[in-house]
Every structure is written in C-alpha cells, then in structure tokens.
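Asks: Structure incoming, see below.
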Ligand SMILES: Nc1ncnc2c1ncn2[C@@H]1O[C@H](COP(=O)(O)OP(=O)(O)OP(=O)(O)O)[C@@H](O)[C@H]1O
Ligand SMILES: [Mg+2]
C-alpha cells in the first residue's frame with residue numbers, strides 16, 4: 001500500500017515537471033505576440049499597440065472597414081507590408097528550430113544543425129546559379145526561378161547522403177562528414193561564381209546567403225506554412241523514437257527502433273522542411289543550431305518538450321530579429337540574429353557551466 | 001529443467017516469438033561472425049552451436065577481445081551473423097522485426113552515450129518504449145518506479161543521467177533493462193563498476209528474477225568468482241569458439257583458467273561453488289624497504 005503511494009508521488013512529480021516546461025512555451029508564444037504588435041505599429045505610425053492587435057484580430061475575423069478611414073489604411077499597411085514577413089519569420093523560425101532539434105537527435109550530435117548534410121550550400125549554389133548565370137530549372141527568370149533552383153539545389157546533397165546510406169549503413173558521424181564534403185564542393189562552386197560576377201549581383205548573393213525576409217510576399221507563404229505544419233506534426237509524433245535514439249544506435253535497436261530506416265525517413269522530412277524555408281528566405285543560420293540548445297538549457301533534453309518549445313522559441317527569436325533588422329533597416333535578419341544572438345548564447349553556456357543550469 | 005548443451009535440435013517454426021510460452025529455448029546453430037574491413041576473412045566467432053533451455057542465469061566468460069560482446073550482439077540482432085542462425089522457441093530471430101524482438105529481449109550495455117542526457121526517470125522510462133502505447137505513461141512510470149526501488153536508486157529519480165557516478169550509471173542501465181520486462185535479458189559486464197555489496201546483491205537479484213519472472217538472463221562477466229557463485233551455467237569462450245560450458249564446478253577449473261586466461265590459479269570449493277584464487281607466476285620481490293614507502297594521515301592545525 002505504502003509502495004503504491006510512493007509510486008503515485010513519482011507519477012505526480014513527473015507531471016509537475018511537465019508543467020514547468022510548458023511555461024517556457026507559453027512565455028515564447030507571448031513574446032511572439034508582443035513583437036507582432038510592435039511590428040504592426042511600426043508599419044503604420046498613427047495607431048496604438050492595442051489598436052494594432054484589434055485591427056489584426058478584426059482582419060482575421062473578416063471585419064471590413066469603411067474605405068480610407070484610419071483603420072482601413074492601418075489594415076492595408078499592416079497586411080501588405082509587415083504581415084507577410086511576420087508570418088514568414090514565425091513559420092521559418094519554427095521550421096528551422098524543429099529541423100535543428102530533429103537533426104541533432106538523429107545524428108546524436110549537439111553540433112548538428114539543419115544544414116549538416118549540405119542543404120545550405122546546395123541551396124546557395126542553386127540560387128546563385130540563377131542569380132549570376134540566369135540559368136533556372138523552370139527557365140523563368142526572377143524570383144520564382146531562383147526559388148525553384150534553391151529548393152532543388154538544397155535537395156541534391158541530402159539526396160546523395162540518403163542514397164549512400166541506403167546502400168551501406170553509415171554512422172551518424174560519417175553521414176555528417178559526407179555532408180561536409182558535399183558542402184565544400186558546392187561552396188567552392190559558389191565562390192567561383194561570385195568571383196566572376198559584378199558588384200550588384202554579388203551584394204544580392206551575399207544577402208541571400210545570410211538570409212533575409214525583405215523579399216517575402218504573400219504568395220511565398222502557403223508552401224512554407226503547409227510544409228512546416230505537416231513536417232513538424234510528423235516530428236512531434238516521433239519524439240519518443242528520437243529520445244530512444246539518443247541512447248545510441250545499438251541501444252535504440254534493442255529497444256525496438258529500426259535505426260537505419262528511421263534515420264533515412266527523418267532525413268527526408270528534415271530536408272524537405274528546411275529546403276522549403278531556405279528557398280524563400282536564404283540560408284538563415286544560427287537558429288537551427290541554437291534554438292534547440294537554448295531550450296535544452298531551460299527544460300532538459302526530452303525531445304517531447306525540446307521539439308515544440310524550440311519551435312516557439314525559434315519563432316520568437318526570428319520574428320524579434322527581423323523586427324530589429326527592419327527598424328534599423330538594410331541589415332539582413334541573419335546578421336542581426338547572429339550579432340545579438342551569439343553573445344546571449346555565449347553567456348547562457350557560461351551561466352549553465354557555472355552550475356546554475358543542469359543540462360550539459 | 002535448466003540445461004545447456006552443445007547439440008542443437010531442430011524444432012518446428014512458430015509464428016509468434018515466445019508469447020505466453022512458459023518455456024524458453026534458445027538454439028544457436030553454427031553461428032559465425034566477422035567484422036567487415038581489414039580481417040574480414042578472419043572470424044571473430046566461428047561455428048558456435050549451443051542450446052540454452054529454461055529460465056536461468058548463464059554467464060559468459062573469456063579474455064578481453066575474445067568476442068563475448070560480439071556474441072551477444074549476434075543474439076539480439078545488433079549485428080547480423082555472417083553465418084548460422086539463432087532460434088528462440090523455433091523462430092529464427094532474423095524473421096522477427098526489431099520492434100517485436102524488443103518486446104522479448106532486453107539488453108544492458110556496458111557503456112552508454114549521454115550527448116543529450118535525460119533524467120534518470122526518463123532514461124529508465126525508455127525501457128518501456130517497446131511496450132508503451134498512447135495513455136500508458138502513468139502505468140509505465142509505476143513500472144519505472146518499481147524498478148528503481150528494486151535496484152535501490154529511487155533517490156536518483158530526478159537526477160540527470162550525466163551527473164551520476166559510474167556505478168550509478170550501471171544501476172540505471174540495469175533498471176532500464178528490467179523495465180523492459182523482457183523474457184531474455186542480456187547484460188554486458190553489469191557489475192564491473194559496482195562495489196562489493198552490489199556485485200553480490202545485483203547478481204543474486206538477477207538469479208532470483210530468472211526464477212520469479214521466468215526470465216533467461218545471460219550476462220558477460222570478468223568476475224569469475226561472482227559468476228561461479230550465482231550462475232546456473234557458464235559458457236567459456238576461447239579462440240572464436242566455446243572452450244568449455246556447463247555447471248560452474250565443471251568449467252572453473254585450474255586447467256581451463258590457465259589455458260583460456262593464461263594465468264595460474266587454484267580453485268577451492270566454497271559452499272558448493274568453485275572459488276578462484278589467482279597465482280602470480282612472477283616471483284620478483286618488491287618488499288625490500290617497507291619503512292621507505294609511506295602513506296599516512298597528517299594531523300592539521
Ligand atoms: N566494430 C568493430 N570492428 C572491427 N572489429 C571489432 C569491432 N568490435 C570488436 N572488434 C574486434 O572483435 C573482437 C571481439 O570483440 P568483443 O568486443 O566482442 O570482445 P569482448 O570479448 O567483449 O572483449 P572485452 O572483454 O574486452 O569486452 C576483438 O578482437 C575486437 O578487436
Ligand atoms: Mg565486451
């Protein structure tokens with residue numbers, strides 16, 4: 001009898017800890033909502049924060065305003081200038097963070113990120129071929145040709161990695177090394193193309209490489225949203241398996257996980273998720289590596305929590321960085337994120353190394 | 001009836017691995033294994049045939065690098081044998097999915113990665129993975145708690161796995177293996193980091209569980225005396241094959257120890273079990289100056 005009481009208290013403690021973890025999630029979501037408000041106010045100066053929220057809410061609810069009233073103008077400005085990039089930032093942040101958490105768990109390596117299999121350099125190559133040489137797969141010039149090029153380019157290195165790992169089982173470290181080798185190959189091609197091009201194209205290419213949300217338009221959004229929603233739902237369903245995988249391949253096998261097959265399926269999902277973001281935004285770095293780590297420092301390494309909370313934190317970081325990028329203008333969001341994010345991340349690592357945190 | 005023998009007998013195929021079958025019969029038939037690479041023609045294990053019948057505690061002994069861990073990995077499908085097969089109650093393990101196998105077989109490794117350390121509770125909870133379904137979390141947690149109690153590490157429940165001592169690690173891994181509630185449990189040197197009390201307690205517990213839970217426990221050990229004290233049967237590996245197998249008193253003999261481990265040994269009988277006393281053949285005398293070598297406590301203040 002007393003034994004049962006004891007074990008009930010373990011069950012209770014376990015659920016109590018769960019509540020604490022959800023708090024981080026809630027805080028990030030509130031953070032996102034606040035930045036969305038600030039963003040909207042910056043789009044149309046004559047409204048207050050509260051009015052901005054009301055206008056967004058009304059728009060979602062389908063309320064129509066009298067044309068050419070303040071609200072009507074504010075609504076148009078918010079919806080056409082800042083809202084696409086806000087949505088893109090939220091979705092891209094969530095997607096890259098989820099892909100990062102997935103990749104780190106898959107490779108059992110805290111240094112892995114969504115680009116570890118060469119996705120970023122492949123995407124860069126595709127985009128820059130379009131930009132510099134004007135060659136596109138769809139043979140349409142401009143934005144859409146570049147997007148398709150970047151997407152296809154992103155899938156090439158992952159495709160190679162997956163094909164190899166289907167023919168012979170590779171260890172996670174070997175998979176990353178293959179990805180790194182492919183990365184170097186595509187990067188050197190990119191470098192070559194950048195050397196032979198003119199200054200304007202060079203600037204655009206560089207901005208694409210660090211990532212920007214300036215060029216996002218409404219038509220980019222549906223694909224990002226759909227892929228992110230489906231992909232992250234898939235990752236959420238697999239968080240228990242990802243935890244099992246963190247015990248190492250041999251252990252995971254004896255706990256019933258078909259490690260090789262699982263890794264290939266997850267790599268495919270991760271690649272599609274990442275490519276469908278990167279092809280619109282450029283290769284936004286930092287987030288996919290750092291967001292999951294931040295979350296682990298705060299809530300521990302259970303992927304059940306790491307994945308969803310990383311998504312919220314990723315959205316928050318990216319939308320905040322983009323807000324700052326837009327207010328100081330002309331700085332790509334990727335740069336802002338790294339300039340502000342790296343010191344914070346650095347301090348957090350030192351902070352938890354001093355023994356306040358308990359994760360690593 | 002608990003037995004172990006070299007001969008193997010064909011038995012007819014059954015569709016479900018073990019199921020509710022109270023009997024456990026492991027048939028290893030001509031098992032060979034070689035690692036791919038440099039010496040791929042050289043077998044680590046060659047043509048091992050043996051039959052293990054009945055829930056019991058079996059120890060595998062043998063020198064470093066002889067292939068004990070490899071042998072176990074071939075039995076639980078971490079590695080695919082390059083020759084021969086393993087049958088459990090007539091079913092070839094190669095025909096069973098990794099998922100179904102995990103419901104029946106548990107494994108306690110001698111090391112574990114902790115790149116992304118979980119709490120002790122979460123780590124042990126992983127053992128429930130093959131059985132868990134939606135909504136089974138609370139029941140699984142109760143089993144986790146039961147195992148933590150059994151191993152005597154309830155106090156570690158909320159600690160992080162990477163902040164434990166080597167022996168505590170080992171106990172957590174053991175709890176995880178037991179939480180899996182397998183019918184066959186493999187352990188790779190489960191007591192190597194444990195203090196004397198727990199070497200005895202854990203090995204005794206494994207033997208008790210083999211009876212209580214009708215579970216076949218197969219453990220690798222370098223502690224010959226612990227193995228001899230508790231094992232029902234012992235398998236001694238040497239040169240890629242079985243050098244000796246059977247009851248402890250038949251396997252732990254001065255001749256076998258000298259041949260397999262290349263050390264001299266006396267064997268005495270203690271409470272019906274063989275007990276090994278190692279003999280160092282090197283007779284160099286280092287005891288020249290006792291007064292010179294000192295370690296002593298110093299009073300402070
Ligand atoms: N991944 C591997 N690739 C190639 N050879 C291996 C590999 N793992 C083990 N070996 C070799 O296979 C042989 C058997 O190794 P195994 O780990 O099974 O030994 P063991 O009996 O468990 O030794 P120990 O008592 O030291 O744990 C050794 O010679 C070892 O060098
Ligand atoms: Mg070994």
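The values are calculated or read from the model by the stated rules, or taken from the named source; none is laboratory data. Quantities reported herein were computed from a predicted structural model and do not represent experimental measurements. As a convention, Cβ positions derive from the backbone with ideal geometry for all residues, glycine included, and neighbour counts pool all protein chains shown.
Asks: Over 10 Å from the mean Cα position of the chain (by Cα) and crowded, with 23+ Cβ neighbours inside 10 Å: which single residue out of A:291, A:275 fits that description? Even if it seems obvious, please write down each step before you answer.
Replies: On the way: A:291 fails: over 10 Å from the mean Cα position of the chain (by Cα).
Only one candidate qualifies: A:275.
Asks: Turning to a different aspect of this structure: I want to confirm something. Restricting to the range B:168-189 and keeping residues that are in a strand (DSSP E or B) and within 16 Å of ligand 1 (Cβ to nearest atom), which single residue is surrounded by the fewest Cβ atoms within 10 Å (Cβ to Cβ)?
Replies: Initial filter on the range B:168-189 (in a strand (DSSP E or B)): B:184-188.
Narrowing the set further to residues that are within 16 Å of ligand 1 (Cβ to nearest atom) leaves B:186-188.
Values: B:186: 27, B:187: 26, B:188: 20.
My answer is B:188.
Asks: Residues A:9, A:48: which one is surrounded by fewer than 14 Cβ atoms within 10 Å (Cβ to Cβ) and more than 30 Å from residue B:138 (Cβ to Cβ)? Talk me through it step by step, then tell me what you get.
Replies: Numbers: A:9 fails: more than 30 Å from residue B:138 (Cβ to Cβ).
Of A:9, A:48, the one residue that is surrounded by fewer than 14 Cβ atoms within 10 Å (Cβ to Cβ) and more than 30 Å from residue B:138 (Cβ to Cβ) is A:48.
Asks: Further question: Which one of these does residue B:93 not meet: (1) at pLDDT 90 or above; (2) more than 16 Å from ligand 1 (Cβ to nearest atom); (3) closer than 29 Å to residue A:18 by Cα; (4) more than 9 Å from every other protein chain (Cβ to nearest Cβ)?
Replies: (3)
Asks: Further, regarding this structure: Take the residues in the range B:77-90 that are closer than 19 Å to residue B:36 by Cβ and touching a residue at least 40 places away in the same chain (Cβ under 8 Å), then tell me which one is nearest to ligand 1 (Cβ to nearest atom).
Replies: In the first step, residues of the range B:77-90 are kept if they are closer than 19 Å to residue B:36 by Cβ; the result is B:77-84.
Those still in the list that are touching a residue at least 40 places away in the same chain (Cβ under 8 Å) too: B:79, B:81-84.
Values: B:79: 9, B:81: 13, B:82: 13, B:83: 16, B:84: 16 Å.
Within the range B:77-90, the match that is nearest to ligand 1 (Cβ to nearest atom) is B:79.
Asks: Let me ask something additional. Of B:38, B:55, which residue is away from every other protein chain (no Cβ under 14 Å), more than 16 Å from ligand 2 (Cβ to nearest atom), at pLDDT 90 or above and in a loop (DSSP other than H, G, I, E, B)?
Replies: So the residue among B:38, B:55 that is away from every other protein chain (no Cβ under 14 Å), more than 16 Å from ligand 2 (Cβ to nearest atom), at pLDDT 90 or above and in a loop (DSSP other than H, G, I, E, B) is B:55.
Matching residues to (1) in contact with a strand residue (DSSP E or B) (Cβ under 7 Å, 6 or more places away or on another chain); (2) within 13 Å of chain B (Cβ to nearest Cβ):
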| position | (1), (2) |
| --- | --- |
| A:227 | no, no |
| A:231 | no, no |
| A:240 | no, yes |
| A:243 | no, yes |
| A:249 | no, yes |
| A:254 | yes, yes |
| A:258 | no, yes |
| A:262 | no, yes |
| A:265 | no, no |
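Asks: So if I check each of B:25, B:64, which one is at pLDDT 80 or above and away from ligand 2 (no atom under 16 Å from the Cβ)? Walk me through it before giving the result.
Replies: On the way: B:64 fails: away from ligand 2 (no atom under 16 Å from the Cβ).
Of the residues listed, the single one that is at pLDDT 80 or above and away from ligand 2 (no atom under 16 Å from the Cβ) is B:25.
Asks: For the range B:96-121, name all the residues that are free of Cβ contacts under 8 Å to residues at least 12 places away in the same chain and more than 7 Å from chain A (Cβ to nearest Cβ).
Replies: If the condition is that a residue be free of Cβ contacts under 8 Å to residues at least 12 places away in the same chain and more than 7 Å from chain A (Cβ to nearest Cβ), then B:97, B:111 are the ones that fit.
Asks: Might you check whether a residue that is more than 16 Å from ligand 2 (Cβ to nearest atom), out of contact with any strand residue (DSSP E or B) (no Cβ under 8 Å at 6 or more places or on another chain), more than 14 Å from chain A (Cβ to nearest Cβ) and touching a residue at least 60 places away in the same chain (Cβ under 8 Å) occurs anywhere in the range B:215-225?
Replies: no
Asks: Can you find even one residue in the range A:36-47 that is at pLDDT below 85 and within 14 Å of another protein chain (Cβ to nearest Cβ)?
Replies: So far as the range A:36-47 goes, no, none of its residues is at pLDDT below 85 and within 14 Å of another protein chain (Cβ to nearest Cβ).
Asks: To continue, here is another question. Among A:245, A:287, which is under 20 Å from residue B:182 (Cα atoms) and in contact (Cβ under 8 Å) with a residue 40 or more places away in the chain?
Replies: Within the list A:245, A:287, the selection yields A:245.
Asks: Quick check on this structure: which one of B:127, B:106 is assigned to a strand (DSSP E or B), at negative phi and away from ligand 2 (no atom under 16 Å from the Cβ)?
Replies: After applying the criteria, what remains is B:106.
Asks: Looking only at the range B:190-205, count every residue that is surrounded by fewer than 20 Cβ atoms within 10 Å (Cβ to Cβ) and within 16 Å of ligand 2 (Cβ to nearest atom) and tell me the total.
Replies: Final tally of qualifying residues: 2.
Asks: Could you tell me whether any residue of the range B:184-193 is closer than 28 Å to residue A:15 by Cβ, in contact (Cβ under 8 Å) with a residue 40 or more places away in the chain and within 12 Å of chain A (Cβ to nearest Cβ)?
Replies: Scanning the range B:184-193, I find no residue that is closer than 28 Å to residue A:15 by Cβ, in contact (Cβ under 8 Å) with a residue 40 or more places away in the chain and within 12 Å of chain A (Cβ to nearest Cβ), so the answer is no.
Asks: When the range B:157-167 is examined, which residues are found to be within 12 Å of chain A (Cβ to nearest Cβ), within 14 Å of residue B:114 (Cβ to Cβ) and outside any strand (DSSP E or B)? If you could, list the steps in order and put the result at the bottom.
Replies: Our first condition is that a residue be within 12 Å of chain A (Cβ to nearest Cβ); within the range B:157-167, this holds for B:157-163.
Right, trim to within 14 Å of residue B:114 (Cβ to Cβ) and you get B:159-163.
Passing the criteria: B:159, B:161, B:162, B:163.
Asks: Shifting gears a bit: If the requirement is being surrounded by fewer than 17 Cβ atoms within 10 Å (Cβ to Cβ), assigned to a loop (DSSP other than H, G, I, E, B) and more than 16 Å from ligand 2 (Cβ to nearest atom), which of these qualifies: B:47, B:138, B:80, B:114?
Replies: Within the list B:47, B:138, B:80, B:114, the selection yields B:80.
Asks: Moving on to the next point. Return the only residue of A:221, A:207, A:196, A:216 being in contact (Cβ under 8 Å) with a residue 60 or more places away in the chain, more than 27 Å from residue A:259 (Cα to Cα) and more than 23 Å from the chain's Cα centre (by Cα).
Replies: A:196 is the lone residue from the list that is in contact (Cβ under 8 Å) with a residue 60 or more places away in the chain, more than 27 Å from residue A:259 (Cα to Cα) and more than 23 Å from the chain's Cα centre (by Cα).
Asks: Say whether the condition of being under 30 Å from residue B:35 (Cβ atoms), touching a helix residue (DSSP H, G or I) at 6+ places or on another chain (Cβ under 8 Å), crowded, with 19+ Cβ neighbours inside 10 Å and more than 8 Å from every other protein chain (Cβ to nearest Cβ) is met by at least one residue in the range B:125-133.
Replies: Looking through the range B:125-133, none of the residues is under 30 Å from residue B:35 (Cβ atoms), touching a helix residue (DSSP H, G or I) at 6+ places or on another chain (Cβ under 8 Å), crowded, with 19+ Cβ neighbours inside 10 Å and more than 8 Å from every other protein chain (Cβ to nearest Cβ).
Asks: Let me ask something else about it. What do you reckon, is residue B:72 closer than 27 Å to residue B:262 by Cα, away from every other protein chain (no Cβ under 11 Å) and within 16 Å of ligand 2 (Cβ to nearest atom)?
Replies: No, not satisfied.
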